[in-house]
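A short write-up of the structure that comes next.
The values are calculated or read from the model by the stated rules, or taken from the named source; none is laboratory data. All values reported here derive from a predicted model rather than from experimental measurement. Please note: Cβ atoms are built from the backbone with ideal geometry, for glycine as well, and neighbour counts cover all protein chains shown. Accessible surface is based on the protein model in full, side chains and every heavy atom, while ligands, DNA and RNA are left aside. Shrake-Rupley method; radii C 1.70, N 1.55, O 1.52, S 1.80 Å.
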Amino acid sequence: MNRRESIWSEETFLHFRKTLPGNYKADVAVIGGGMAGILTAYLLYQRGVDVVVLEAGRIGRGQTKNTTAKITSQHGLIYHKLIKNFGVELAQQYANAQQQAVEMYRQIVNKWQIDCNWQDCPSYLYSTTSPCHLERELLAAEKLWIPAKFMTTTELPFDVKGAVRFANQAQFQPLKFLQAIAKPLTIFENTMARAIDGERIYTEDGIVEAEHIVVATHYPFLNVPGYYFLRMYQERSYVLALQNAQKLQGMYLGIDPKSHSFRSYGDVLLLGGEQHRAGEHVPVSCYDQLRLAAKQIYPNSVEKRCWSAQDCMTLDGVPYIGQYAASSPGLYVATGFQKWGMTNSMVAAVLLSDSILGKANDCADVFSPQRFHFSASVKNICRDGAHWVKGMTLGFMHIPKGKLDQLPNGQGGIVKYQGKTAGVYKNFRGETFVVSPTCPHLGCRLEWNPDELSWDCPCHGSRFDYRGYLLDNPAMEGNGIG
């Protein structure tokens, strides 16, 4: 089995579902079979709604399989920022929604006695340099009625300047949980939604009609309406599964630059970090940087697996959950979960199922996709605009650095190939794989990712393997040219 695969994928077989057999009707159609989509369908099904899920590949085989599976309302240094940029009322909505999400998972697991390695545990933010930001976050959490505690010692094998502890959080095995709640649902796999027109979803296998349509595809595939490609970017992060490392009772996230994430699962410890914008050139291997940290922190540890994840990041740090656009009643979206896909998936499922059923939810306003908070967004607007201009300019004007015969084995790059500019990867045997150097989504110039042997888009985060097959949206097709 490929070592670059999550431990969740290694130990969980998700049952196959058939492809859409032709035209189909339902009350609600959910596009996307990750945690957010399956949870939304599950909550609607439990309330007697006729719901169908359409998944382009296999359920749980997108970003859900790559999570570190922390179920927590502690989302980094977020609550001080929310109070500052959104005000106390909306910050309280966010906090309440996340706290309720943790409890909803707990209730579902207990109700159905789901065997998903559930573990109640605390969650910690820590710093090895200064307690200042932690103390500020503690005050914000207390202002929002989140039970939190400041500590000067932890179980981590190094000294900290401080830590903030959230009690009654949890961790689990996400694919085991997903398998259980998906069991009674109507799901069609290998069924890619190509377009939406009113109450109709067009696929290659038939048309699905539904009064309500939920787009839960990680990154929305419809550019218009909504314009989410102008409102988000994507980040990658990396994980090592280590044996012979310390078993931790809590979950940990560092707030310092180049700090790490920790959680235990069985006999392994998950060490995460080294995040960067998708499509951004990284001069050193992110996996190797994590391996160096592992040897420093746990010198006797042994690497069992490694993998990476990709997260949608919004302009103001809060997910977009609700009506897709003001002009599209009946069409909903759930995206921009930042690094917190598990709790935000549950938040999305609760908010969207309530909205579809006409039930008011006191936490809905802060997540509204129609919001715009200038003070929270302006810095990211300028940064993302620069990436967009750079990516588009390179796509049209980039001059290849060399020719095919100058590309060393084991490397990829933009070169001149048969008189044209192309993206080329040479494996260690010298076999050549050629792709288009531009993203089919909106034409940005792709960058080679040597850690993942993939071509990544710096504008919106679409990714393709070295053969040109699509790995991550918003692109809808691959970029191979033979």
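Scan the range 290-328 for residues that are loosely packed, with under 14 Cβ neighbours inside 10 Å and either under 19 Å from the mean Cα position of the chain (by Cα) or not β-branched (Val, Ile, Thr) (or both) and the total you get is 7. In this structure, Gln173 does not satisfy being touching a His at 6+ places or on another chain (Cβ under 8 Å), in contact (Cβ under 8 Å) with a residue 24 or more places away in the chain and either among the hydrophobic types (A, V, I, L, M, F, W, C) or within 29 Å of Ser264 (Cα to Cα) (or both). Of the residues screened, Val333 is one that is closer than 18 Å to Pro474 by Cα, modelled with pLDDT of 95 or more and among the hydrophobic types (A, V, I, L, M, F, W, C). For Met104, the conditions (1) surrounded by 14 or more Cβ atoms within 10 Å (Cβ to Cβ); (2) farther than 30 Å from Gly266 by Cβ; (3) of a type outside the set (Phe, Trp, Tyr) all hold with the exception of (2).
Figure legend. Inter-residue proximity from the range 233-250: first residues touching a residue at least 60 places away in the same chain (Cβ under 8 Å), second residues assigned to a strand (DSSP E or B) and hydroxyl-bearing (Ser, Thr, Tyr), beta-carbon distance below 6 Å, spacing 6+ or different chains. Indicated pairs: Arg236/Ser308; Tyr238/Ser308; Leu248/Ser264; Gly250/Tyr124.
Considering only the range 84-101, I want to know if a residue exists there that is open to solvent by less than 60 Å² (accessible area, probe 1.4 Å) and modelled with pLDDT under 95. Among the residues of the range 84-101, not one is open to solvent by less than 60 Å² (accessible area, probe 1.4 Å) and modelled with pLDDT under 95, which makes the answer no.
Quick grid of which residues meet (1) surrounded by 24 or more Cβ atoms within 10 Å (Cβ to Cβ); (2) touching a helix residue (DSSP H, G or I) at 6+ places or on another chain (Cβ under 9 Å); (3) over 30 Å from Leu271 (Cα atoms):
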position: His15; (1), (2), (3): no, yes, no
position: Lys25; (1), (2), (3): no, no, yes
position: Met35; (1), (2), (3): yes, yes, no
position: Leu39; (1), (2), (3): yes, yes, no
position: Val49; (1), (2), (3): no, yes, yes
position: Val53; (1), (2), (3): yes, yes, yes
position: Thr64; (1), (2), (3): yes, yes, no
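Can you confirm whether Tyr287 is open to solvent by less than 10 Å² (accessible area, probe 1.4 Å), among the aromatic types (Phe, Trp, Tyr), touching a residue at least 12 places away in the same chain (Cβ under 8 Å) and assigned to a strand (DSSP E or B)? The answer is no for Tyr287.
Does Ala101 satisfy being in contact with a Ser or Thr (Cβ under 6 Å, 6 or more places away or on another chain) and hydrophobic (A, V, I, L, M, F, W, C)? In short, yes. Residue by residue through the range 259-296, note down the ones that are in contact with a helix residue (DSSP H, G or I) (Cβ under 8 Å, 6 or more places away or on another chain) and either among the basic types (Lys, Arg) or more than 19 Å from Arg4 (Cα to Cα) (or both). Matches in the range 259-296: His260, Arg277, Gly279.
A single member of Ala69, Ala91, Ala56 is in contact with a Pro (Cβ under 7 Å, 6 or more places away or on another chain) and in contact (Cβ under 8 Å) with a residue 12 or more places away in the chain, and it is Ala69. Remark: Asn190 matches the filter, which requires a residue to be part of a loop (DSSP other than H, G, I, E, B) and at positive phi.
A quick yes/no check of all residues on (1) assigned to a loop (DSSP other than H, G, I, E, B); (2) more than 22 Å from the chain's Cα centre (by Cα):
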position	(1), (2)
Ala195	no, yes
Ile201	no, yes
Gln246	yes, yes
Leu253	no, no
